[in-house]
Structure formats: structure tokens, C-alpha cells
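A.B. asks: Mind having a look at this structure? Questions to follow.
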Amino acid sequence: MIKKLLSVFLVATTFATLIYADLSRVEVGVGSWNQEPSSTTLGTTTTLDKENDIYVWAYAKHPVPVIPNLRLEYVTATATTSSISSIEFAQIDVIPYYNILDNTAWITLDLGLDFKSISATSTLVSVETTDDFLLPMGYLRTRFQLPLSGLGAEADVKYIAYSDNTVYDARIKIDYTFDITPIIQPGLEVGYRVQKIETDELFGVDLNYEFSGIYAGLMLRF
């Protein structure tokens, strides 16, 4: 897992370095999500063993008002249903968003769309089957930055519901940024994440999973 985290973090940092000169702010982060999955079938919910999954994110803000800013995310959510059966949801989120409030009275508010790509891999007796689909979701993020400090609190949510499908992803966190250098500022983040994937778009069957738990990671501000 450490090698995966380092490689993904390197890609995100390279992305930030390449585009930093033309942007007002760039941030990248990487960490581990200690989540407890549950599966619901025919009205019965089963809690499964906890899993450690990786996540990575990067976002870029620029000074041009009419062009949306961009946030990129990657996360895996794994559920092991038995000793011979498991399912993993690998997710890539591409989020164009507008900055409605930019640290106005220490509050930030972002609104946008999330184009989420879900690639699901089902494993049964060492036989893997993969299916994927893309869906648009609403995106809302808010942040409070404590004045004259590196401490901040943040929450965001992505959501869509249609037909028999409901997908949402909600997070809340606190973070602390160390003001060590004027160019690159490292930081730590700790939060709680809840994700639900209820869909009939994968494998031609009804899937209903929920993942929730604490996450922690490292971040860099440019």
C-alpha cells in the first residue's frame, strides 16, 4: 500500500508543479481511509470487516471568473464478503467547480459538478469480473479557516439519485498547515467519510453498499 500511496502522491505533486505558475492556488493530498463496509440484500444489512483503502486528491484554482476551477480525486472502496468473495470500487472524480466565496469572512464555498467514474471489480474464487460506468453528481464544499492560524475545518458532499440508484459521498475533516516556507506548505488532515453506492448499473444486478470510517493523510499547499 505504501508504494501505491507514494506513486499516486508523486503524480499529484508533478501535476501541481507543472501548472502552479499559472494558478492562484494548488493543493494535493494523499492518505488512507479505514472504512467499515456494509452490504444490504433483501432488506437485511450485513456489516463486514474493516478495510484500509487509499485516496488521493488535487485541486487547482485560477483567477479567471468564467472558467471553472478543477478538482481531481481517486479513491478505492473495498468490501470482502467472504474468504472467496470481494468487490472493489475504484473511483475517479473529475470536478469542475466555481468558487462562490473565497475565504470571505474566513469562509470558502464551492459549487460544481462531479463526473464520477466507477470501475468495479468483483472477485469470486480467484475469478475477477470488471464493469464500470460514469455518472454526474452535484458537488458542494465549504471550509472555515481559523484566522491567524494554520487550522481549518472543511466539509463536502457529492450526491445523485435517479430511478433505483443512489450514490453519495460525504466528508468532514480538520487540517493543519505548517507555515514553513513561502512556496510549499505541508499539512496534515484527519476526517470522517461516508459513501453509499446503490445501483443496478454494474454487472446487471442490484448492488447496495455503504462505506464509512476515519481517514488521515498528508497534504501540500503551493
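The values are calculated or read from the model by the stated rules, or taken from the named source; none is laboratory data. Nothing here was measured: the structure is a model prediction, and the numbers come from that model. As a convention, Cβ positions derive from the backbone with ideal geometry for all residues, glycine included, and neighbour counts pool all protein chains shown.
A.B. asks: For region 85-92, indicate whether the set of residues that are without any contact (Cβ under 8 Å) to a residue 24 or more places away in the chain and surrounded by 15 or more Cβ atoms within 10 Å (Cβ to Cβ) is non-empty.
C.D. replies: Taking region 85-92 and keeping what is without any contact (Cβ under 8 Å) to a residue 24 or more places away in the chain, we get none.
Scanning region 85-92 turns up no residue that is without any contact (Cβ under 8 Å) to a residue 24 or more places away in the chain and surrounded by 15 or more Cβ atoms within 10 Å (Cβ to Cβ).
A.B. asks: For residues that are β-branched (V, I, T) and more than 22 Å from V190 (Cα to Cα), scanning just region 37-55, find the one that is surrounded by the fewest Cβ atoms within 10 Å (Cβ to Cβ). Even if it seems obvious, please write down each step before you answer.
C.D. replies: First, pick out the residues of region 37-55 that are β-branched (V, I, T): 40-41, 44-47, 54.
Add one more test, that the residue is more than 22 Å from V190 (Cα to Cα), and what stays is 40-41, 44-47.
Numbers: T40: 15, T41: 11, T44: 7, T45: 10, T46: 11, T47: 10.
My answer is T44.
A.B. asks: Quick one: in region 184-205, of everything that is assigned to a loop (DSSP other than H, G, I, E, B) and either surrounded by 16 or more Cβ atoms within 10 Å (Cβ to Cβ) or not aliphatic (A, V, I, L, M) (or both), which residue is farthest from the chain's Cα centre (by Cα)? First the steps, then the outcome.
C.D. replies: Within region 184-205, the subset assigned to a loop (DSSP other than H, G, I, E, B) is 184, 200-205.
From the residues that got through so far, the ones that are either surrounded by 16 or more Cβ atoms within 10 Å (Cβ to Cβ) or not aliphatic (A, V, I, L, M) (or both) too are 200-204.
Details: D200: 22, E201: 21, L202: 20, F203: 24, G204: 26 Å.
Of everything passing the filter in region 184-205, G204 is farthest from the chain's Cα centre (by Cα).
A.B. asks: Mind listing whichever residues of region 206-215 are within 21 Å of the chain's Cα centre (by Cα) and closer than 17 Å to Y162 by Cα?
C.D. replies: Step one: of region 206-215, the residues within 21 Å of the chain's Cα centre (by Cα) are 207-215.
Listed by number, the residues that qualify are L207, N208, Y209.
A.B. asks: Hey, does region 92-106 have a residue that's closer than 22 Å to E51 by Cβ and of a type outside the set (F, W, Y)? Break it down stepwise before answering.
C.D. replies: In the first step, residues of region 92-106 are kept if they are closer than 22 Å to E51 by Cβ; the result is 92-93.
Cutting the leftovers down to of a type outside the set (F, W, Y) gives us 92-93.
The answer is yes; a qualifying residue exists.
A.B. asks: What single numbered condition from (1) at pLDDT below 95; (2) crowded, with 16+ Cβ neighbours inside 10 Å fails to hold for E210?
C.D. replies: (1)
A.B. asks: Okay, moving on. Quick check on L101: is it part of a strand (DSSP E or B) and modelled with pLDDT under 95? Let's see the steps before the verdict.
C.D. replies: Values: part of a strand (DSSP E or B): yes; modelled with pLDDT under 95: yes.
So L101 passes the test.
A.B. asks: Please work out which one of (1) under 24 Å from S32 (Cα atoms); (2) in contact with a Ser or Thr (Cβ under 8 Å, 6 or more places away or on another chain); (3) of a type in the set (A, V, I, L, M, F, W, C) is the condition I160 fails and give its number.
C.D. replies: (1)
A.B. asks: I'd like the full set of residues that are of a type in the set (F, W, Y) and buried (at least 17 other Cβ atoms within 10 Å of the Cβ), limited to region 141-180.
C.D. replies: Residues of region 141-180 that are of a type in the set (F, W, Y), as a first pass: 144, 159, 162, 168, 176, 178.
Listed by number, the list holds a single entry, Y168.
A.B. asks: Among the residues of region 26-53, write down those that are in contact with a Ser or Thr (Cβ under 7 Å, 6 or more places away or on another chain) and not in a strand (DSSP E or B).
C.D. replies: Correct list: L48, D49.
A.B. asks: Which one of these does E154 not meet: (1) acidic (D, E); (2) touching a Phe, Trp or Tyr at 6+ places or on another chain (Cβ under 9 Å); (3) farther than 23 Å from Y98 by Cα?
C.D. replies: All conditions are met except number (3).
A.B. asks: Same structure, new question: May I ask you to list pairs of residues, at least six apart or on different chains, whose Cβ atoms are under 8 Å apart, with the first in region 133-157 being farther than 11 Å from W106 by Cα and among the small types (G, A, S) and the second being modelled with pLDDT under 95 and outside any strand (DSSP E or B)?
C.D. replies: Close Cβ pairs satisfying both conditions: G150/F178; G150/D179.
A.B. asks: Can I ask one more? Quickly run through region 54-70 and pick out the residues that are free of Cβ contacts under 8 Å to residues at least 60 places away in the same chain and part of a strand (DSSP E or B). Spell out how you get there, then give the answer.
C.D. replies: Step one: list which residues in region 54-70 are free of Cβ contacts under 8 Å to residues at least 60 places away in the same chain, which gives 54, 56-70.
Within region 54-70, I54, V56, W57, A58, Y59, A60, K61, N69, L70 qualify.
A.B. asks: May I pose another question? Look through region 114-134, keep the residues that are of a type in the set (A, V, I, L, M, F, W, C) and surrounded by fewer than 16 Cβ atoms within 10 Å (Cβ to Cβ), and return whichever of them is nearest to R71 (Cα to Cα). Even if it seems obvious, please write down each step before you answer.
C.D. replies: Narrowing region 114-134 to residues of a type in the set (A, V, I, L, M, F, W, C): 115, 118, 120, 124-125, 127, 133-134.
Applying the additional criterion that residues be surrounded by fewer than 16 Cβ atoms within 10 Å (Cβ to Cβ) yields 115, 124-125, 127, 133-134.
Working: F115: 11, L124: 34, V125: 37, V127: 34, F133: 20, L134: 17 Å.
Applying the filter and picking the extreme gives F115.
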